[in-house]
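The values are calculated or read from the model by the stated rules, or taken from the named source; none is laboratory data. Since the structure is predicted, the reported quantities are computational estimates derived from the model, not experimental observations. Here the Cβ positions follow ideal geometry from the backbone for every residue, glycine too, while neighbour counts run over all protein chains shown. Accessible surface is based on the protein model in full, side chains and every heavy atom, while ligands, DNA and RNA are left aside. Shrake-Rupley method; radii C 1.70, N 1.55, O 1.52, S 1.80 Å.
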Amino acid sequence: MLKSTLLSIFLFGTLLSYAQQKYTISGTVKEKKSGEVLIGASIYLLELPKLGAVSNAYGFYSVTAPTGTYTLIVSFGGYKQDSVKLVLNKDISQSVEMIQGGAALQEVVVTSKKGSINNLKSIMGVQKLSVDEIKTVPVIFGEKDVLKTMQLLPGVKSAGEGSAGFYVRGGSADQNLILLDEAPVYNASHLLGFFSSFNSDAIKDLTLYKGAMPAEYGGRLSSVVDIKMNDGNNQGYHASGGIGLIASRLTVEGPIVKDKGSFIVSGRRTYADLFLGLFNDSGINQTDLYFYDINAKANYEINDKNRVYLSGYFGRDRFETPLFGIDYGNTTATARLNHIFSSKLFSNTSFIYSNYNYTISADAGAIKFVSKIEDIGLKQDFQYYVNSNNKISFGFNITHHNMAPGILSAAASSSYISQPIQSKFSYENAAYISHDITPAEKIKISYGLRLSAFSVIGPGNFYTYDTAGNVIKTDTYNRGETAKTYYNVEPRFSASFQLNTGSSVKASYTRNVQNLHLLSNSVSLNPTDIWIPTSLNVKPEIADQVSLGYYRNFSDNKYEFSSEIYYKGMQNQIDYKNGAELLGNENVESQLLYGKGRAYGLELFIKKKYGNLTGWVSYTLSKTERQIEGINNGSWYDAKQDQTHNIAIVGIYKASKKWTLSANWVYNTGNAVTFPSSKYNVAGQTIFYYTERNGYRMPAYHRLDFGATRLGRKREKWEGSWTFSLYNVYGRENAYSIAFEDNPDDPTKTQAVQTTLFRWVPSVTYNFKF
């Protein structure tokens with residue numbers, strides 16, 4: 001009897017154990033026509049909709065479920081929803097190839113069962129832009145521009161008229177980390193800011209994290225812009241491009257080995273210099289004015305567990321006259337290895353190189369000022385999918401920085417003396433771990449920890465200054481010797497609570513640390529701004545941000561709404577002494593002042609995602625302040641990027657099969673600025689006197705842009721289209737800068753002189769693909 005009972009218990013336990021046995025479905029989500037991996041595709045089991053996943057940056061996904069028969073559902077915006085029948089009695093490798101052009105209604109029906117991704121994710125302050133939106137939104141000069149389109153999102157503000165520079169949630173321009181295939185880009189602009197460095201033909205995905213970034217990211221206080229390049233078509237050879245009034249571009253892609261590997265090369269160049277040569281004036285026809293950029297990428301699948309990627313970016317700007325010139329550009333390179341250890345463990349190893357440098361020449365080239373920042377790094381990331389509700393990410397990175405703040409070289413014939421400024425070397429290292437977990441049906445939590453270490457190393461002299469900026473101590477370190485190491489702990493936490501299938505609330509806390517600092521006293525970004533590292537005098541900048549948000553989707557996920565409030569406290573913020581000399585100054589740190597900052601605001605966003613008419617409206621109400629001893633008597637003052645109100649309205653209308661119309665209207669309160677409060681006369685020369693820092697405002701800014709795209713007749717192997725746009729439709733003369741001078745009719749009075757860059761800027765581009 002006892003034996004029979006024990007045997008029954010054993011058999012029951014064995015059957016129960018077998019019934020509860022779980023297995024994993026994993027694989028890659030790709031586009032069928034090109035073989036491009038799809039980032040952020042939604043994957044779940046129809047029979048167990050609570051078990052799901054999102055494909056990572058390399059298209060990999062992993063879903064774990066009990067033994068059974070299931071229907072795997074895969075959906076991605078703009079693609080036909082796919083489904084696969086599975087018998088899950090062992091670990092299964094199941095890649096999915098999706099077809100573009102799926103019916104929006106079908107996708108809405110499927111995704112509404114689980115709610116929208118923006119509701120379900122625990123991370124907040126995240127914005128994504130699709131390539132189609134980037135291609136359609138009108139911008140200056142008619143060029144598709146990822147960074148200018150991003151400036152139409154809530155919490156993101158332009159650094160100036162036509163500028164690719166931007167501010168996020170009260171941070172300065174250098175507090176944004178811009179990554180192109182994981183490599184940092186230090187100056188993401190062409191033509192002094194009127195174009196961004198990124199050719200949209202080469203871009204697959206853009207994700208913006210506004211402060212509350214996952215633990216894998218670090219090094220900046222305000223945001224991360226993570227840009228992924230296209231992999232290239234592994235099914236057939238194709239070319240595409242465009243011919244415009246300002247610039248032309250060409251992209252070529254195709255398989256290295258069909259279904260196994262591919263390449264893409266995308267180039268762009270302006271040709272203003274070709275037209276300048278037609279002028280008779282030697283001051284014009286001897287002027288060089290152009291930029292070019294090249295994006296290149298290749299990948300190859302070694303086997304079903306290993307894939308290698310090589311990607312690079314090369315961009316250059318040149319503006320040179322017979323007397324003055326500036327030459328600057330970026331180079332980045334990334335080599336990556338994806339390795340799948342198992343259906344649950346995914347690895348990515350990256351070797352990263354980045355170089356930004358510029359040369360300023362004057363006096364017909366007799367004087368040159370050279371500066372650069374060069375990075376060499378290793379980054380290792382792991383993702384372990386414990387189960388469908390439990391993912392752990394961990395890894396580390398090591399980066400060596402070589403910064404040359406400036407080398408002044410002068411020819412023997414020049415009256416100037418060559419003045420080399422020593423380079424600055426440092427190591428920036430970090431390790432992180434984060435955990436995404438769903439402890440209950442309606443609750444998602446993401447928390448993590450990042451440990452960062454920044455080491456200031458030799459060779460070089462390290463100065464200590466008194467409050468007046470005088471050198472009081474000099475320490476000398478040999479090559480590789482550590483002068484000082486700063487350690488910081490950066491906790492990250494975010495959580496979401498799903499109120500129902502269409503709405504949720506979220507909260508987050510994030511600490512970020514920044515050890516690279518941009519010195520600039522210009523109104524907008526300048527390619528000749530100077531990067532310096534944390535040192536014995538310059539401490540790491542630290543920001544603590546808390547935020548709370550409400551998210552709602554309605555009308556079967558056709559509309560997406562979000563509202564977020566945030567508060568960010570900042571330590572060790574940098575500003576400059578009055579009359580600071582930054583360029584070519586060996587003791588530039590003596591010109592700096594330090595203090596604290598705060599930024600807080602409300603962001604509202606509503607987007608229509610489907611239908612003939614799509615678009616969004618964003619509104620930001622915010623305040624950004626600094627308190628630094630030595631400025632405005634130690635009182636709080638507005639930072640130069642402070643804008644109280646910021647509005648953007650974007651509309652895209654598919655009028656017919658051939659015509660797509662688009663428009664955007666923007667408005668913002670003027671930036672804080674320092675204007676003179678009085679003047680006096682010395683030896684017949686007027687001297688303006690400045691008192692309060694950033695105590696005045698530029699005039700409010702607003703403009704309307706319009707665009708139209710017409711598809712041409714589609715031939716067997718050729719597609720063409722025309723894009724027309726008009727920047728600043730109603731010709732408002734927005735103020736780029738305001739200068740003050742004596743009134744010529746009455747020198748005792750002062751007049752303000754406004755500079756306006758653009759009124760109307762029409763453009764036309766012919767786009768082709770074959």
Restricting the search to the stretch 250-282, which residues are at pLDDT 75 or above, among the small types (Gly, Ala, Ser) and out of contact with any His (no Cβ under 8 Å at 6 or more places or on another chain)?
261, 262, 266, 267
Just give me the residues in the stretch 64-89 being at pLDDT 90 or above, buried (at least 21 other Cβ atoms within 10 Å of the Cβ) and not in a strand (DSSP E or B), in sequence order.
none
Pick from the stretch 613-649, criterion on the phi > 0 side of the Ramachandran plot and among the small types (Gly, Ala, Ser), ranking: surrounded by the most Cβ atoms within 10 Å (Cβ to Cβ):
615
Qualifying positions in the stretch 203-218 - touching a residue at least 60 places away in the same chain (Cβ under 8 Å) and either touching a Ser or Thr at 6+ places or on another chain (Cβ under 8 Å) or within 22 Å of residue 507 (Cα to Cα) (or both)
207, 208, 209, 210, 211, 212, 213, 214, 215, 216, 218
Out of all the residues in the stretch 41-63, which are under 12 Å from residue 25 (Cα atoms) and outside any strand (DSSP E or B)?
none
What's the total number of residues in the stretch 694-710 that are open to solvent by 40 Å² or more (accessible area, probe 1.4 Å) and either charged (D, E, K, R) or touching a residue at least 60 places away in the same chain (Cβ under 8 Å) (or both)?
3
Is it the case that residue 568 is of a type in the set (D, E, K, R) and either under 18 Å from residue 450 (Cβ atoms) or at pLDDT 95 or above (or both)?
yes
Residue 453 passes all but one of (1) open to solvent by 40 Å² or more (accessible area, probe 1.4 Å); (2) over 26 Å from residue 62 (Cβ atoms); which number fails?
(1)
Which of (1) in contact with a Gly (Cβ under 6 Å, 6 or more places away or on another chain); (2) crowded, with 17+ Cβ neighbours inside 10 Å is the odd one out, the single condition residue 383 does not satisfy?
(1)
If you check residue 361 against the conditions, is it closer than 26 Å to residue 519 by Cα and surrounded by 16 or more Cβ atoms within 10 Å (Cβ to Cβ)?
yes
Can you find a residue in the stretch 546-569 that is outside any loop (DSSP other than H, G, I, E, B), touching a residue at least 24 places away in the same chain (Cβ under 8 Å) and closer than 30 Å to residue 371 by Cα?
no
Could we say that residue 538 is open to solvent by less than 10 Å² (accessible area, probe 1.4 Å), in a loop (DSSP other than H, G, I, E, B) and farther than 25 Å from residue 609 by Cβ here?
yes
May I ask you to list the residues in the stretch 185-240 that are assigned to a loop (DSSP other than H, G, I, E, B) and either out of contact with any strand residue (DSSP E or B) (no Cβ under 7 Å at 6 or more places or on another chain) or of a type in the set (A, V, I, L, M) (or both)?
185, 188, 194, 212, 213, 215, 221
Residues of the stretch 283-329 being among the basic types (Lys, Arg) and at pLDDT 95 or above, in sequence order, are 297, 307
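Here is a yes/no grid of residues against (1) open to solvent by less than 70 Å² (accessible area, probe 1.4 Å); (2) assigned to a loop (DSSP other than H, G, I, E, B); (3) over 16 Å from residue 734 (Cα atoms):
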residue: 664; (1), (2), (3): yes, no, yes
residue: 675; (1), (2), (3): yes, yes, yes
residue: 680; (1), (2), (3): no, no, yes
residue: 688; (1), (2), (3): yes, no, yes
residue: 692; (1), (2), (3): no, yes, yes
If we take the stretch 399-488, then strands (runs of 3 or more DSSP E) inside it with 1 or more residues that are in contact with a Leu (Cβ under 9 Å, 6 or more places away or on another chain), modelled with pLDDT of 90 or more and of a type in the set (S, T, N, Q) are 424-440
Starting from the stretch 711-726, keep only residues that are on the phi < 0 side of the Ramachandran plot, then list their pairs with residues that are of a type in the set (Asp, Glu) whose Cβ atoms are within a distance under 9 Å, requiring at least 6 positions of separation or different chains.
711/719; 712/719; 725/705; 726/705
Set 658, 577, 654: member being of a type outside the set (Gly, Ala, Ser), modelled with pLDDT under 90 and surrounded by fewer than 17 Cβ atoms within 10 Å (Cβ to Cβ):
577
Can residue 458 be described as more than 20 Å from residue 572 (Cα to Cα), without any contact (Cβ under 8 Å) to a residue 60 or more places away in the chain and either in contact with a Pro (Cβ under 8 Å, 6 or more places away or on another chain) or surrounded by 15 or more Cβ atoms within 10 Å (Cβ to Cβ) (or both)?
yes
Being more than 27 Å from residue 289 (Cβ to Cβ), open to solvent by less than 10 Å² (accessible area, probe 1.4 Å) and of a type outside the set (Val, Ile, Thr) narrows it down to one of 171, 218, 236, so name that one.
171
Among the residues of the stretch 241-266, what is the count of those that are farther than 19 Å from residue 313 by Cα, over 25 Å from the mean Cα position of the chain (by Cα) and assigned to a strand (DSSP E or B)?
6
Which listed residue is of a type outside the set (Asp, Glu), open to solvent by less than 30 Å² (accessible area, probe 1.4 Å), under 28 Å from residue 428 (Cβ atoms) and at pLDDT 95 or above, from 376, 352
352
Which residues, counting only those in the stretch 300-319, are open to solvent by 60 Å² or more (accessible area, probe 1.4 Å) and either touching a residue at least 24 places away in the same chain (Cβ under 8 Å) or in contact with a Ser or Thr (Cβ under 6 Å, 6 or more places away or on another chain) (or both)?
300, 304, 305, 310, 314, 318, 319
Of 610, 600, the only residue that is part of a strand (DSSP E or B) and open to solvent by 30 Å² or more (accessible area, probe 1.4 Å) is 600
Quick test for you: out of 452, 446, pick the one residue that is over 16 Å from residue 534 (Cα atoms) and either touching a residue at least 40 places away in the same chain (Cβ under 8 Å) or among the β-branched types (Val, Ile, Thr) (or both).
446
Residue pairs qualifying under the 8 Å Cβ cut-off, at least six apart or on distinct chains, with the first in the stretch 463-475 being closer than 15 Å to residue 580 by Cβ and the second being in a loop (DSSP other than H, G, I, E, B) and open to solvent by less than 70 Å² (accessible area, probe 1.4 Å), are 465/537; 465/587; 469/577; 469/587
Tell me which of these residue 750 doesn't satisfy, since it passes every other one: (1) surrounded by 15 or more Cβ atoms within 10 Å (Cβ to Cβ); (2) assigned to a loop (DSSP other than H, G, I, E, B); (3) over 30 Å from the mean Cα position of the chain (by Cα); (4) not acidic (Asp, Glu).
(2)
